[in-house]
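Worksheet: one structure, shown below.
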Amino acid sequence: MADGRFYLTTPIYYVNADPHIGHAYTTIMADIIARHHRQLGEDVFFLTGTDEHGAKIATSAEREGRTPREQADMLSARFRALGGVLDATNDFFIRTTDAEHEAEVQSVLSALHDSGDIYKGSYGGWYCAASEAFYPEPELLPGRLCPVHKTPVEWVEEENWFFRLSAYRERLLAHYDANPGWVLPQARFNEARRMIELGLEDLSVSRAQVEWGVPVPWDPEQTIYVWIDALLNYRTALGYARPGEDMVERYWPPDLQLMAKDILKFHAVIWPAMLMAAGLELPRRLMIHGYVLKGGEKMSKTTGNVVDPFPFIERYGIDALRYYLAREVRFGEDGTFTAEGFDARYSGELANELGNLLNRVVSMIGRYRGGVVPADPGGDADVAADVAAAAEGCAANFAALDLSRGVEDVWRLVQRLNRLVEQRAPWTLAKDPARAGELDQTLFSLAEGLRAAAIMLWPVIPGSAERILASLGQDPAATALAGAAWGAGAAEATVSLADQLFPRVEEEAA
């Protein structure tokens, strides 16, 4: 951002079951964005975590013979571990069972109660326990099924505390009209604005029948609605993520908040209204991504239609998963995850196009120039221009949150370098001493183009990009995007052939 800092959040993941590929997708996309902004030299704070209160947690815990806290501890640890496996660089992992978070949630709700934005009332409606949300009858599927989980809803009536959401309709509409790019993509902006335009009902922010939650401070017989508790994590985390340091002034508001489309209303309607009521600045952008589909349907822990990411990571490596999701699933749209598609991307692109290119370049420099990259003879302005175009296109598409197209920009460069090998045929040039200058130019251009491509790809495949840089005799930590400029690498570096970058994966026996 213009002020040199970048605060990025994922939704916090609900710990009623093990993580699946959908959670991995959101975290990976967030990490790609966070790494890119670090490449730009910005002060980045990347937040993720787990949502641990509510009836679903208590129910799943009881089913497993555990207390809600034991269940939350176990599953939160699995989500935290997933982030490590995904090579995510989040700066903090928040849990809504953190005492500091709970205390701040109570403080915010108390302020809203004191200002008159929260009042006591009665409510009845169709409730989905899996969503922990009420749905108006017109939104239900035939047979009174939840539109998200396709499971039966139940009629629930309670006397609860309510937030005057309806009072913020006009202010929300004014904000949308003044900030046309506030929610991305445009279709989600239109959808959220339409929700507001059609009218808003006041929101129940407490539950009388849910014990596993944060107590309402002025009415401890009730607990705070899990979604209100969860949304506030984006603010509360800044107060205690770094012991002894209040980072609210440094990072608030969030520059970008990522989430899937099934929680659009909570983030694009309820969340900004709460912030308005609390007198707090709104996030600068919300990015609503699509679903990672399996068999044409949304993955759901409730229905069991999920893909476990761990076998793919074990078989192909984490960078292969990161690459596949960034390349295959257009950010903001639905995309289908298939084992066949994964293998095709891995074998055809990562192994054959990128991994094989590195092996050929390093081997030829070793064979023809004693392992030292020649100095630039200065005769490949067209290749230099292609590198600059790739870097410019990648940065522009990443800034627009079109991550797939950003990767495509770099991949065209990788393919250009592969064509250069075939067009120049260094093995032929090496046979003719009179063409030594052409060979030097070719080897330099291949090494320099590959070095630049590795820097551009670092947010997506960080471990592999660093290995490419090390193999080319470059500092693997030199990943600033400015370093992708032609000629910016260490001159006359010594290359070294490491293990295969993306080794062949043998087919599993049936």
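What angle do you read, to the nearest 10 degrees and between 0 and 90, between the alpha-carbon axis of helix 436-457 and the longest principal axis of the chain?
So the helix axis and the longest Cα principal axis differ by about 10 degrees.
Using +1 at the Cβ of each Lys and Arg and -1 at the Cβ of each Asp and Glu in the chain, identify which of Leu450, Gly116, Thr50 lies farthest towards the dipole's positive end.
Projecting each Cα onto the dipole axis, the largest value belongs to Leu450.
Hey, fewest Cβ within 10 Å first, where do Arg80, Arg69, Arg95 land in order?
By the 10 Å Cβ count, ascending, the order reads Arg69, Arg80, Arg95.
Could the peptides 192-199, 47-54 be put in order, highest first, of the mean number of other beta-carbon atoms found within 10 Å of their residues? List each step's numbers first, then the result.
On the way: 192-199: 14.5, 47-54: 26.4.
Sorting 192-199, 47-54 by mean packing, highest first, produces 47-54, 192-199.
Could you count how many Lys pairs in the chain have their Cα atoms under 23 Å apart, skipping same-chain pairs fewer than 8 positions apart?
Pairs that pass both the separation and distance tests number 16.
Compare the Cα positions of Gly22, Gly463, Val410 along the charge dipole of the chain (+1 at Cβ of Lys, Arg; -1 at Cβ of Asp, Glu; about the Cα centre) and return the one farthest towards the positive end.
Of the options given, the answer is Val410.
Restricting attention to the chain, give the cysteines that have no other cysteine Cβ less than 4.7 angstrom from their Cβ.
Lone cysteines by the Cβ rule: Cys394.
Can you find, among Thr338, Thr59, Val495, the residue farthest towards the positive end of the dipole of the chain? Put +1 on the C-beta of Lys and Arg, -1 on that of Asp and Glu.
Comparing the listed Cα positions along the dipole, Val495 ranks first.
Once amide H atoms are built 1.01 Å from N in the peptide plane, which residues 5 or more positions from Ala133, or in another chain, come under 5 Å H to H?
Cys128
Could you point to the label whose value was computed as Cα extents along the principal axes in Å for the structure here, given (i) 116, 70, 51; (ii) 67, 55, 42; (iii) 90, 54, 42?
Computing Cα extents along the principal axes in Å and matching it to (i) 116, 70, 51; (ii) 67, 55, 42; (iii) 90, 54, 42 gives (iii).
Within the range 450-510, report the trypsin sites (Lys or Arg not before Pro) that DSSP leaves as loop and that have at most 14 other Cβ atoms within 10 Å.
Arg504
List Val85, Val205 from most exposed to least, where exposure is judged by having the fewest other Cβ atoms within 10 Å. Don't skip to the end; give the middle numbers.
Details: Val85 15, Val205 24.
The order, fewest Cβ neighbours first, is Val85, Val205.
Sort Glu249, Glu154, Glu353 so that the residue with the fewest other Cβ atoms within 10 Å of its own Cβ comes first and the one with the most comes last.
Neighbour counts put them in this order, fewest first: Glu249, Glu154, Glu353.
Add -39500 (n - 2.57) for each DSSP H run of 4 or more in the chain, then divide by its residues: what number comes out at 222 nm, to the nearest 500 deg cm²/dmol?
-13500 deg cm²/dmol
Please report the antiparallel percentage of the DSSP beta bridges confined to the chain, to the nearest 5.
Taking every DSSP beta bridge with both residues in the chain, the antiparallel ones total about 55 percent.
When the Karplus curve 6.51 cos²θ - 1.76 cosθ + 1.60 is applied with θ = phi - 60°, which whole-Hz ³J(HN,Hα) does each residue of the range 3-14 get, with x for Gly and Pro?
Along the range 3-14, the couplings run 8, x, 10, 8, 10, 10, 10, 9, x, 8, 8, 7 Hz.
Going highest first, how would you order 8-15, 164-171 by mean Cβ packing within 10 Å?
8-15, 164-171
Could you tell me which of rounded, prolate or oblate describes the range 66-117, using a ≥ b ≥ c as the square roots of the eigenvalues of the alpha-carbon gyration tensor, with rounded for a/c under 1.5 and, failing that, prolate when a/b is larger than b/c and oblate otherwise?
oblate
Determine the dipole magnitude for the chain: charges of +1 sit on the beta-carbon of Lys and Arg, -1 on that of Asp and Glu, nothing else is charged, the reference point is the Cα centre, and the result goes in debye to the nearest 20.
The dipole of the chain has a size of about 1060 debye.
Read-outs throughout are calculated quantities, based only on the coordinates presented, and are distinct from any laboratory measurement. Nothing here was measured: the structure is a model prediction, and the numbers come from that model. No Cβ is skipped: glycine too gets one built from the backbone with ideal geometry, and neighbour counts run over all protein chains shown.
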